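Participant: Please see the structure below; I have some questions.
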Amino acid sequence: MKRSHNTARQLPGESGQAAVLILLLLSVFLLGFLGFATDYSQVWAHRQSAQSAADAACQAGAADLFLDYQNASGTSNSYGLNFSWIGSAFSCSSADAGNPVCEYAATNGYSGSNVSVTFPTSVAGVPSLSGYGTIANPYIQVTVSDSVPLTFSRFILNMSTFTVKASATCGMSPVAVPIPLVVLNKTASGSFSLNGTPTVSIYGGPPRSIQVDSSSATAFSAGGSSLVDLHLAGPSLSGADMGVFGNESQPSATNLILGTGKWVSPAFPYGDPWALIGSPSAPANAGAVTSVGYGVNGCPDPAGCVEFSAGNYAGCSSNGNISSGGKGCLVIPVKYTITFGNRTSANNATTFTQGTAIRPTASNGGNFVYVATATGKSGATVPVWPQTRDLTVTDGAVIWKNVGNPTSKPNTAIFDPGVYYLDGNGIQLDSNSTVRPSTATGDGSLGTTFYFSLGGTDVAVTSNSGKYSNCTSVTNPTSSSPSGSPSNCIMAYTIDGTGNSATGNVLSQTLRCPSGPVNPSEVPATVSGNILLGPCTGTYAAASSNGYQYRGFLFFQNRSYSGTANWGGGGQFLLAGFMYFHDPSYLSTLNLSGNSASGAYTLGNIVADEVSLGGTSGINMILNPASSYQILRPTLLQ
C-alpha cells in the first residue's frame, strides 16, 4: 500500500524576496524619516539665521531711532547719518543705501523684499515712555522672510519650498544706571569747559565719571593749566571713564588724567536722567524770615543770623522794613531791616503762634529777641524777660526763649529744612555773606531743596562770599555784653554735627544722612565758608541704595526756563546734594569756582546743560556711587 504525504511546497527564493521587501519598506520609511528630518533641519537652520538677521538689523535701526530722538541735527551733521528712512514702513528693496537696517540684514544674507520694516507706536508689555517728552518713533519692527527648498517633504506636502519668517521688535526702554556728571547740551562747543587754572579732582562714583552729550568735536574744553583728575574716581578708586558724544581726540595728560579709566568718544548720549522727577509745586505757606542770635538753630555767627523757613518766596521783598515772620528774599547780607513786635499788657491773653519773634522794649536791658517755642495764649501779666541767651520764661501757655541779640541786617543766613519755592530773585550771596544749614526741624527732611521757578540768575555768589575766618573763641551775649564777641568771624562747620567747646558747642546738621555711608575721607572734619545740604528724606531725597541714603536735590531749576548758577566765592564751600539745571533750549549753565586751595567740595551728582569750572585752585567733586536713575537706551524688546 502506497503512503501519501501532504506537505507545503516552498518556491525557490521566496524567503529572500520577503526579506528584501521588508528591507525596502524599512528603507522607504527611513528615507522618508531622513527626508523629513533633513527638511526640518533646513527649515530650523534658516529660521535661526533669519532671526539672527532680524535681531541685528532691528538693533541697528533702534540705535538710529535713539540718536534721532536725542540729537538728530547734531548727529547728522557730525557723523553724516541719514534719518530720513525713519517713520514710514518699507522693504529693503526701496530703502536708502545708507539705511543701517538693510545694511545689517544684507551682512547676514538677506536683502530686497525679504526684509520689511514697520514702526509700531506701542509694544505690549514694554514700560511706558511717558515723561520722556515727545518721541515720534519709539519702536521699530524688522521681519525677515526666507524661502527654504524642500526635498522629500515636497511629495507629501505638494510644495517645493517653505517660507519661514522671523521678527524682532526694538526701541527705547528705560534702563537704570548710575549717574555721572552729565552735560546735556546737544551741540555746543565747550559745553563742559575749564577756565583759569583749576584742578578738578573727582573721587569715587560710577565707572563713568563724566558724560558730555554734545556732538561738537570740541565739546570738552580744558585750556591752559586746567586739569580734570579722575585717577581716584570710579568704584575701585583707581580711575573712571569720560564719555563724549562728539568725535573728539583725547586731551593730553596735562589736562586729563584717567587712571585705569578710558576716554570714550564717540559715546552714546545719556539724556536727562531726572526727566521723570516731578517739579515742586508752589507751597501753600509763605516763606518766613526772622533774625536769631548766635547758637540758635545752629547760627554760627556771633553777630547773629537771618533764619529762613521753607515755603513760597514768590513776590518776596528785597529791601525796606520786614516784620519778623515776613517774606524776605534770599539776599545775603540782607538789604532789608527785620523788625520785631512787642509783648505788652495790651496783648495779654493773645494767641502767639510757634516761631513768633518779639523784641520787648520794657524790662529788656540787653535788647534781646524772644521766640515762642509753641503756639499758645499769653498770660494776664507781662513776664520778666531773662537776660541770658537760651533761658526761657513761661507766659500763660506760651514759653518764650531768649535767642540773643542779633543784628537787624545779618551777614549770615541759616536755612530750615524743606522746599524753597523761589521766584526770579533766586539766591544772592554778596560780599561778606555766609550760608549754613539750620538745625531746626523744618519739614523733617534734614536738608533743603531750592527750586527756581522762573529761571534767570538762579544763584549768584560773589568772589568775597564765604571768606570770614574761623572763630577761635566766642563769648555768649548777656545783659552786660548784649552783642557777644568777637565780630567778623564764623564758627567752622563740623561735618559730624558736633561743636567746639571754645565756640560754645554750637551744633550743626551732619554731613551724612542718618542711614548714609560714613563721611568721605577726602572732606576734612571742619570746613569753612558756605555750606548747603540737600534733603535726606522726602520727595526730593536721593533714591536709597544698598541700605544707604544719600542727600538729594539741593538745586532744582524749573525745566520751562533757562537759568544760570554762578557759584563763586573767595573762601571754601561745601555743596552736598544734586544740582539740576536744564531747560528745553539746553542753555542752563552751572559755573563753579573756588579760590581756596583744596577747600571747595561738591558731593553728589550734577546734571546741567552746560558746566564751567574755574577759579585759581582746586574743586573736589565726590560723586555718589550708588545713585541710579532711569535713562533711555535702544534695546531689543521682543
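Participant: Kindly establish whether Ser226 is in contact with a strand residue (DSSP E or B) (Cβ under 7 Å, 6 or more places away or on another chain) and modelled with pLDDT of 95 or more. Walk me through how you get there before you give the answer.
Facilitator: Values: in contact with a strand residue (DSSP E or B) (Cβ under 7 Å, 6 or more places away or on another chain): yes; modelled with pLDDT of 95 or more: no.
No.
Participant: Could you list, in sequence order, the residues of segment 387-418 that are of a type in the set (A, V, I, L, M), surrounded by fewer than 24 Cβ atoms within 10 Å (Cβ to Cβ) and not in a strand (DSSP E or B)?
Facilitator: Going residue by residue through segment 387-418, those that are of a type in the set (A, V, I, L, M) are 391, 393, 397-399, 403, 413-414.
Those still in the list that are surrounded by fewer than 24 Cβ atoms within 10 Å (Cβ to Cβ) too: 391, 393, 397, 399.
Selection gives Leu391, Ala397.
Results for (1) within 30 Å of Asn464 (Cα to Cα); (2) assigned to a loop (DSSP other than H, G, I, E, B), shown as yes or no for each residue.
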{"position": "Ser291", "(1), (2)": "yes, no"}
{"position": "Asp301", "(1), (2)": "yes, yes"}
{"position": "Glu307", "(1), (2)": "yes, no"}
{"position": "Asn321", "(1), (2)": "yes, no"}
{"position": "Arg343", "(1), (2)": "no, yes"}
{"position": "Gly355", "(1), (2)": "no, yes"}
{"position": "Pro360", "(1), (2)": "no, yes"}
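Participant: Among the residues of segment 97-139, count how many are under 39 Å from the mean Cα position of the chain (by Cα) and on the phi < 0 side of the Ramachandran plot. Spell out how you get there, then give the answer.
Facilitator: From segment 97-139, those under 39 Å from the mean Cα position of the chain (by Cα) are 98-105, 117-139; that's our starting set.
Applying the additional criterion that residues be on the phi < 0 side of the Ramachandran plot yields 98-105, 117-124, 126-130, 132, 134-139.
Adding up the residues that qualify gives 28.
Residue by residue, here is whether (1) within 41 Å of the chain's Cα centre (by Cα); (2) of a type in the set (Asp, Glu); (3) within 23 Å of Leu391 (Cβ to Cβ); (4) not assigned by TED's automatic domain parsing to the domain that holds Thr439 holds:
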site: Ser279; (1), (2), (3), (4): yes, no, no, yes
site: Gly325; (1), (2), (3), (4): yes, no, yes, no
site: Thr356; (1), (2), (3), (4): yes, no, yes, yes
site: Val371; (1), (2), (3), (4): yes, no, yes, yes
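Participant: For segment 466-485, what are the residues that are part of a loop (DSSP other than H, G, I, E, B), at pLDDT 60 or above and surrounded by fewer than 13 Cβ atoms within 10 Å (Cβ to Cβ)?
Facilitator: So the first thing to find is which residues in segment 466-485 are part of a loop (DSSP other than H, G, I, E, B), and the list is 466-468, 471-474, 476-477, 479-484.
Among the residues that remain, those that are also at pLDDT 60 or above are: 466-468, 471-474, 476.
Listed by number, the list holds a single entry, Thr472.
Participant: Further question on the same structure: Evaluate segment 409-426: report whether one residue or more is farther than 22 Å from Gly552 by Cβ and without any contact (Cβ under 8 Å) to a residue 60 or more places away in the chain. Walk me through it before giving the result.
Facilitator: Looking only at segment 409-426, we keep the residues that are farther than 22 Å from Gly552 by Cβ, and these are 409-412, 423-425.
Adding the requirement that they be without any contact (Cβ under 8 Å) to a residue 60 or more places away in the chain leaves 424.
Within segment 409-426, one or more residues are farther than 22 Å from Gly552 by Cβ and without any contact (Cβ under 8 Å) to a residue 60 or more places away in the chain.
Participant: Suppose we keep only residues that are within 23 Å of the chain's Cα centre (by Cα) and hydroxyl-bearing (Ser, Thr, Tyr) within segment 209-220. Which one would you say is surrounded by the fewest Cβ atoms within 10 Å (Cβ to Cβ)?
Facilitator: First, the residues of segment 209-220 that are within 23 Å of the chain's Cα centre (by Cα): 209-215, 219-220.
With the extra rule that they be hydroxyl-bearing (Ser, Thr, Tyr), the set shrinks to 209, 214-215.
Working: Ser209: 25, Ser214: 29, Ser215: 28.
Residue satisfying both the conditions and the ranking: Ser209.
Participant: Next question, about the same structure. For segment 164-206, which residues satisfy the criterion of being among the hydroxyl-bearing types (Ser, Thr, Tyr), within 21 Å of Leu67 (Cα to Cα) and within 20 Å of the chain's Cα centre (by Cα)? Steps first, please.
Facilitator: Taking segment 164-206 and keeping what is among the hydroxyl-bearing types (Ser, Thr, Tyr), we get 167, 169, 173, 187, 189, 191, 193, 197, 199, 201, 203.
Cutting the leftovers down to within 21 Å of Leu67 (Cα to Cα) gives us 169, 173, 187, 189, 191.
Selection gives Ser173, Ser191.
Participant: Shifting gears a bit: Which residues, counting only those in segment 140-187, are at pLDDT below 95 and assigned to a loop (DSSP other than H, G, I, E, B)?
Facilitator: Once the filter is applied, which keeps residues that are at pLDDT below 95 and assigned to a loop (DSSP other than H, G, I, E, B), segment 140-187 yields Leu150, Thr151, Phe152, Asn158, Met159, Ser160, Ile179, Pro180, Lys186, Thr187.
The values are calculated or read from the model by the stated rules, or taken from the named source; none is laboratory data. Note that this is a predicted model, so its numbers are computed, not measured. Note: ideal-geometry Cβ built from the backbone for every residue, glycine included; neighbour counts use all protein chains shown.
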